[in-house]
């Protein structure tokens, strides 16, 4: 218990350190960006080809604008605008702009130009044209920066949610498969069938693949097809002398990768359809090939009796599971067709495969 508590505490500390480091890095980048932006704007604002030296008034005036923008960026935006208190935000922003103008007209100009500009007010339009460009640029860039951060956080959340859903779907596959095959194994054991050791061996091979080789989102295509062949042979033991099973492959190139167990569910479904509805003349035909350009074509046809109890088989957890995984992993790179006609259940799946570098 002490070791477990220690490990949990250490993981918590590491997570906090990673989070703090991420916040520090993000804050440092923002401060650097803001300082660079202010320097560039200051140089443009104070540049005058007729008076190359930096005027004291423009320096102080820019500082006045920057202070006003600072309040808008780090007070009004987070506390009003981002919380959808738009009226308060715009009223407060107008108050800040008015304060900037009043400080410039009533204080700065009277100090630097007491006998000229400091004697009269040029008007609200002129003052706004003088103040708004700098303030708008500073506030606009801060808003764009915050928007990019929010967008990045949304993408991270989407990625995290997608990964969590994939892990959940994959976690459903192994128990589902194991439950079905343990039932078969139990039946053979009760009958003291000589095939029981063969079933255990085949089952252990398939389970080893599921437990140790399917941790990644994508695996080498030949390894997945070999597992599919073993899975087919394992299920073929259920049929015995009641029918035929064929398994054909073509152009299984090792440079391609595929999501693990995507095809397995369809093969399992084929055996369930056939064995649940037929006592003889079972036909299951499986073909996997890769065409030019990395397009995988998978076909799985099986016979079944429409009057049999197969309605729920096509709506089981496995088939819905694999459809969701296809939508997540191959959103615009797959085509799935399933139809039931004339005592034949046909599955045709096409997937644009990924290569090792993708």
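The values are calculated or read from the model by the stated rules, or taken from the named source; none is laboratory data. Predicted, not measured: the structure shown is a model, and the values here were computed from it. Note that each Cβ is placed from the backbone with ideal geometry, even for glycine, and that neighbours are counted across all protein chains shown.
Taken residue by residue, the range 14-27 has at least one member that is loosely packed, with under 11 Cβ neighbours inside 10 Å and at pLDDT below 60.
Filtered by the rule that a residue be touching a residue at least 60 places away in the same chain (Cβ under 8 Å) and assigned to a strand (DSSP E or B), the range 244-265 gives 256, 257, 258.
Read through the list (1) surrounded by 12 or more Cβ atoms within 10 Å (Cβ to Cβ); (2) more than 24 Å from residue 303 (Cα to Cα); (3) at pLDDT 80 or above, then give the number of the only condition that residue 195 fails. With respect to (1) surrounded by 12 or more Cβ atoms within 10 Å (Cβ to Cβ); (2) more than 24 Å from residue 303 (Cα to Cα); (3) at pLDDT 80 or above, residue 195 is out only on (3). Residue by residue through the range 269-319, note down the ones that are closer than 30 Å to residue 253 by Cβ, loosely packed, with under 15 Cβ neighbours inside 10 Å and at pLDDT below 85. Listed by number, the residues that qualify are 292, 293. Among the residues of the range 50-69 satisfying the criterion of being touching a residue at least 12 places away in the same chain (Cβ under 8 Å) and over 17 Å from residue 102 (Cβ atoms), which is surrounded by the most Cβ atoms within 10 Å (Cβ to Cβ)? So the residue we want is 58.
Taken over the range 238-251, the criterion of being at pLDDT below 75 and closer than 20 Å to residue 205 by Cα is satisfied by 238 alone.
Here's the yes/no breakdown for (1) at positive phi; (2) under 53 Å from the mean Cα position of the chain (by Cα); (3) without any contact (Cβ under 8 Å) to a residue 24 or more places away in the chain; (4) loosely packed, with under 11 Cβ neighbours inside 10 Å:
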{"position": "73", "(1), (2), (3), (4)": "no, yes, no, no"}
{"position": "76", "(1), (2), (3), (4)": "no, yes, yes, no"}
{"position": "87", "(1), (2), (3), (4)": "no, yes, yes, yes"}
{"position": "96", "(1), (2), (3), (4)": "no, yes, no, no"}
{"position": "99", "(1), (2), (3), (4)": "no, yes, no, no"}
{"position": "104", "(1), (2), (3), (4)": "no, yes, no, no"}
{"position": "115", "(1), (2), (3), (4)": "no, no, yes, yes"}
{"position": "122", "(1), (2), (3), (4)": "no, no, yes, no"}
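Against the numbered list (1) in contact (Cβ under 8 Å) with a residue 40 or more places away in the chain; (2) part of a helix (DSSP H, G or I); (3) in contact with a strand residue (DSSP E or B) (Cβ under 8 Å, 6 or more places away or on another chain), residue 268 comes up short only at (3).
Restricted to the range 230-243, and to residues there that are in contact with a strand residue (DSSP E or B) (Cβ under 6 Å, 6 or more places away or on another chain) and not in a loop (DSSP other than H, G, I, E, B), the residue that is surrounded by the most Cβ atoms within 10 Å (Cβ to Cβ) is 232.
Out of curiosity, is residue 224 out of contact with any helix residue (DSSP H, G or I) (no Cβ under 6 Å at 6 or more places or on another chain), buried (at least 16 other Cβ atoms within 10 Å of the Cβ), in the same structural domain as residue 346 (by TED's automatic domain parsing) and outside any strand (DSSP E or B)? Yes: the conditions hold for residue 224.
The C-beta contact set for the range 320-334 (first residue within 15 Å of residue 264 (Cβ to Cβ), second residue modelled with pLDDT under 80 and assigned to a loop (DSSP other than H, G, I, E, B), distance under 9 angstrom, 6+ apart or interchain) comprises 329/217. Only one entry of 74, 113 meets the criterion of being in the same structural domain as residue 136 (by TED's automatic domain parsing) and over 22 Å from residue 145 (Cα atoms), and that entry is 113.
If you go through the range 346-358 and keep only what is at pLDDT below 90 and touching a strand residue (DSSP E or B) at 6+ places or on another chain (Cβ under 9 Å), you end up with 354, 355, 356, 358.
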